Amino acid sequence: MSPIRLVSTIVNWVLFILFIVGVIWLIVARVKHNKKWTKYSLIFCIVVFILQVNAFRFSIHLANEGLQ
């Protein structure tokens, strides 16, 4: 595995873990009826999700270049 693919895999896993933490944070904020933290956690989840989609697209691009 090339170093760039290794870094890409690590970034994907870190973003996945951050997304899970964000979802848990969102659930806790909703249960406690805290509108401020619900807003912050929702923004956090959306940002992490967008970064995660871009990272997955990049890793798929790297995988396709390895096949050629």
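The values are calculated or read from the model by the stated rules, or taken from the named source; none is laboratory data. What you are looking at is a predicted structure, and each value in this text was computed from that prediction instead of being measured. Here the Cβ is made from the backbone with ideal geometry for all residues, glycine too, and neighbour counts use every protein chain on show. Keep in mind that these areas ignore ligands, DNA and RNA; they rest on the heavy atoms of the full protein, side chains included. Shrake-Rupley method; radii C 1.70, N 1.55, O 1.52, S 1.80 Å.
Listed values, structure above:
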{"quantity": "Boolean, Phe44 is farther than 26 Å from Ser2 by Cβ and either of a type in the set (A, V, I, L, M) or modelled with pLDDT of 95 or more (or both)", "calculated": "yes"}
{"quantity": "Meets criteria (in a helix (DSSP H, G or I) and open to solvent by 80 Å² or more (accessible area, probe 1.4 Å)) for Phe56", "calculated": "yes"}
{"quantity": "Lone qualifier among Val23, Val7, Val31, Val14 - being without any contact (Cβ under 8 Å) to a residue 40 or more places away in the chain and open to solvent by less than 60 Å² (accessible area, probe 1.4 Å)", "calculated": "Val23"}
{"quantity": "Residue count, the range 34-43 (criterion: open to solvent by 70 Å² or more (accessible area, probe 1.4 Å) and within 28 Å of Ser59 (Cβ to Cβ))", "calculated": "2"}
